[in-house]
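The values are calculated or read from the model by the stated rules, or taken from the named source; none is laboratory data. Since we're looking at a predicted model, the values are computed, not measured. Here the Cβ positions follow ideal geometry from the backbone for every residue, glycine too, while neighbour counts run over all protein chains shown.
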Amino acid sequence: MLQRIYAIFMSRNREFVRDRSTLAWNLMLPVVLMFGLSFAFGGDRDAYTVGVLQQADEINPDSHPFLQTRYIRFVAYADQDLALQKVARHQLDLLVELGETPRYWINPESPKGYFAEIALMQSGAPPHSVLDKQQVSGSEVRYADWVLPGILGMNMMFSCLFGVGYVIVRYRKNGFLKRLSATPLSSFEFIVAQVASRLVLILLVTTFIYAGTHLILDTTMEGNYFTLFLVAVVGAVSLVSVGLLISARVTSEELAGGLLNLVNWPMMLLSGVWFSLEGAGPLVQQAAKLFPLTHVLDAARAVMLDGATLAEIAPSLLSLVLISAVFLTVGARIFRWSAD
Amino acid sequence: MTTALEARNLVKEYPGVLAVDGVSFSVREGICFGLLGPNGAGKTTTVEIIEGVTPATSGEVYYYGEIAGRRFREEAGIQFQNTALQDHITVRETIEMFRTLYARQANFDDIVEQCSLSDLLDRDNRKLSGGQRQRLLLAVALVNRPRLIFLDEPTTGLDPQARRNFWDLVQSIRAQGSTIVLTTHYMDEAEVLCDEIAIMDSGKIVSQGSPEDLLRQQYDGLIIQLPLSALTDDLSGIQHTVHENLGIIEVVTTDVSASLQQLTPHVSNLNQIKIRQPNLEDLFLDLTGHTLRA
């Protein structure tokens, strides 16, 4: 049995590695995402941005003590309407005019504007008031740190769903599966080989992107690398099992594409890839728990951002193992070799 | 002689279509058995039921006296009509992969030599010609030293030379003692390769036996052929069986001299007359009323 699984496993690996265009796509997409992320979130970013209404392009920090405040980037604006629009859209935290009668504009809905206002008041600008200072402790979580597991998980999902689901439907459609069915190979052996092949590939790619992003963006890693790797392994198996279940009987690539997207899109939107679901309704949060990607991301973020231990993420891992076991069993049972 | 394979009352029903309608036959060990018929006759469905890749609506398949199962899958070699192989995989890797799937394995070098694939071992499957591809698919069917081999229209689409090379190959396999089940719609192929044939039409076997016996039963004599354009009148009064097909008149006769004497007054140009033995194509035409390539 192992000999047969190994034969199919190696054959699939060779086919994938030698298909240059697919291989390039599988490596390019994450690299592009990685550089996109580092471009968007990398570098030294100012904590606050304040517009200064003046005619000159250059801002003279000596003209007012507020302009010497650290961690605020000051940008000169000549057009008052444009600057006010940016304040309204939270693109500027504050707009100041530091002339003979200093004025400032603030969006009361902007949390950063609130703090920029305090900084302004403390700098000696009118109106003066005594401020009660609160101590806030805890490290900052950047969006890049938060979104990295989301992007890795999303890439893993695409690769597992399409890389397995689509390939099996293609094999079925062109008769390769039918040829295999006339050999002693069982559907279980075939499925195990496909899962193993995709697992090795996705773990290599994900590790590569994670290492690259970690080096370039210096992303937070509070937990244990082995625990994170385990999340990736269990997560990838569960996502491959979704792809296998979808492709277990389908004979048309178009239908397979539609079904894969039907699963793909809700997972991308509701599993917390790009934004947290904390503010979403309870129904949405319950529905999201049905998706393996939600558990993968919850577990990965817990390890990376909060330093969660294996015991702490055990419920998520257990959910993933259960999902995989059910989907793989059903997939193998209803698996169809022939397109007829 | 031992019966290698027996199909009993196979039926395959698709919604609104009875593709296989009570087909039964048996194949003796060591022979080449031909299943003939036009496209859509049900021969591929029949062999796929036997191979276990298409479930039958009813009926049974016996392999050496047992219901065909695990042993059959281990010992049968199969070449489908259309099989895609994996892209980016070489001939060597394809043979090796299929070989590894069996407990009973043929010697790699022997198969390669037998199927003349030595020069193609490192070639990508996608870059094979039609004949080379068929030889590879045959090699894949031989990886388990099969006792029984199924070849489903193996020479369709091949040029005449490649077809003849393939026939030599099939004969060499048979000489090694394997039993062969061949489906084809080429009558010359069946005549060259098959010891026994079954002719299928509309899901049923309409005739079965050795090609010689079938022809002897059906025909008593020779066939005189002449083009319709060479006739001067409608041949009324000629006492023999007369067919007309695609502008050719055929007269079946046991006494060629007497028939020619009768025909001569009705023919404008005697140079266009041909005399030949009846063949399987004639047999099929007479049995089913349409040509084999229909």
Every residue from the stretch B:52-67 that is closer than 28 Å to residue B:192 by Cβ and modelled with pLDDT under 90: B:53
Leading residue by the ranking (surrounded by the most Cβ atoms within 10 Å (Cβ to Cβ)) among those in the stretch A:220-246 that are closer than 18 Å to residue A:209 by Cβ and among the hydroxyl-bearing types (Ser, Thr, Tyr): A:220
Residue within the stretch B:37-49 that is more than 17 Å from residue A:179 (Cβ to Cβ), among the hydrophobic types (A, V, I, L, M, F, W, C), buried (at least 20 other Cβ atoms within 10 Å of the Cβ) and touching a residue at least 12 places away in the same chain (Cβ under 8 Å) present: yes
Some residue of the stretch A:320-337 being in a helix (DSSP H, G or I), basic (Lys, Arg) and in contact with a Gly (Cβ under 9 Å, 6 or more places away or on another chain): no
Flag for residue A:177 being within 13 Å of chain B (Cβ to nearest Cβ), more than 28 Å from the chain's Cα centre (by Cα) and in a helix (DSSP H, G or I): yes
Meets criteria (among the acidic types (Asp, Glu), outside any loop (DSSP other than H, G, I, E, B) and exposed (fewer than 14 other Cβ atoms within 10 Å of the Cβ)) for residue B:109: yes
Odd one out for residue A:227 among (1) more than 26 Å from residue A:166 (Cβ to Cβ); (2) at pLDDT below 90: (2)
Residue that is surrounded by 22 or more Cβ atoms within 10 Å (Cβ to Cβ), in contact with a Cys (Cβ under 7 Å, 6 or more places away or on another chain) and among the charged types (D, E, K, R), where the choices are A:172, A:198: A:198
Positions within the stretch A:1-33 being surrounded by fewer than 14 Cβ atoms within 10 Å (Cβ to Cβ), more than 10 Å from every other protein chain (Cβ to nearest Cβ) and of a type in the set (S, T, N, Q), in sequence order: A:21
Failed criterion for residue A:189 (all others in (1) buried (at least 21 other Cβ atoms within 10 Å of the Cβ); (2) touching an Asp or Glu at 6+ places or on another chain (Cβ under 8 Å); (3) within 14 Å of chain B (Cβ to nearest Cβ) hold): (2)
Among residues of the stretch B:76-85, those that are touching a residue at least 24 places away in the same chain (Cβ under 8 Å) and surrounded by fewer than 19 Cβ atoms within 10 Å (Cβ to Cβ), counted: 1
Residues of the stretch B:148-159 satisfying the condition of being assigned to a loop (DSSP other than H, G, I, E, B) and either under 10 Å from the mean Cα position of the chain (by Cα) or modelled with pLDDT of 85 or more (or both): B:153, B:154, B:155
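Okay, residues lined up against (1) in a helix (DSSP H, G or I); (2) more than 9 Å from chain B (Cβ to nearest Cβ); (3) closer than 17 Å to residue A:15 by Cα; (4) in contact with a Lys or Arg (Cβ under 8 Å, 6 or more places away or on another chain):
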site: A:158; (1), (2), (3), (4): yes, yes, no, no
site: A:164; (1), (2), (3), (4): yes, yes, yes, yes
site: A:169; (1), (2), (3), (4): yes, yes, yes, no
site: A:196; (1), (2), (3), (4): yes, yes, yes, no
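Conditions (1) of a type in the set (A, V, I, L, M, F, W, C); (2) under 30 Å from residue B:174 (Cα atoms), marked per residue:
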| residue | (1), (2) |
| --- | --- |
| B:210 | no, yes |
| B:221 | no, no |
| B:233 | no, no |
| B:262 | no, no |
| B:265 | no, no |
| B:273 | yes, no |
Condition check for residue B:31: in contact with a strand residue (DSSP E or B) (Cβ under 9 Å, 6 or more places away or on another chain), at pLDDT 90 or above and either within 20 Å of residue A:185 (Cβ to Cβ) or surrounded by fewer than 14 Cβ atoms within 10 Å (Cβ to Cβ) (or both): no
Any hit, the stretch A:274-293, residues being surrounded by 15 or more Cβ atoms within 10 Å (Cβ to Cβ), hydroxyl-bearing (Ser, Thr, Tyr) and away from chain B (no Cβ under 14 Å): no
Answer residue from the stretch A:138-157, given it is surrounded by fewer than 18 Cβ atoms within 10 Å (Cβ to Cβ) and not charged (D, E, K, R) and is modelled with the highest pLDDT among those: A:143
Residue match in the stretch B:148-158 (condition: of a type in the set (D, E, K, R), crowded, with 19+ Cβ neighbours inside 10 Å and farther than 17 Å from residue B:107 by Cα): yes
Filtered residue count, the stretch A:291-315, keeping only those that are in a helix (DSSP H, G or I) and free of Cβ contacts under 8 Å to residues at least 40 places away in the same chain: 6
Any hit, the stretch B:129-139, residues being on the phi < 0 side of the Ramachandran plot, in a loop (DSSP other than H, G, I, E, B) and at pLDDT below 90: yes
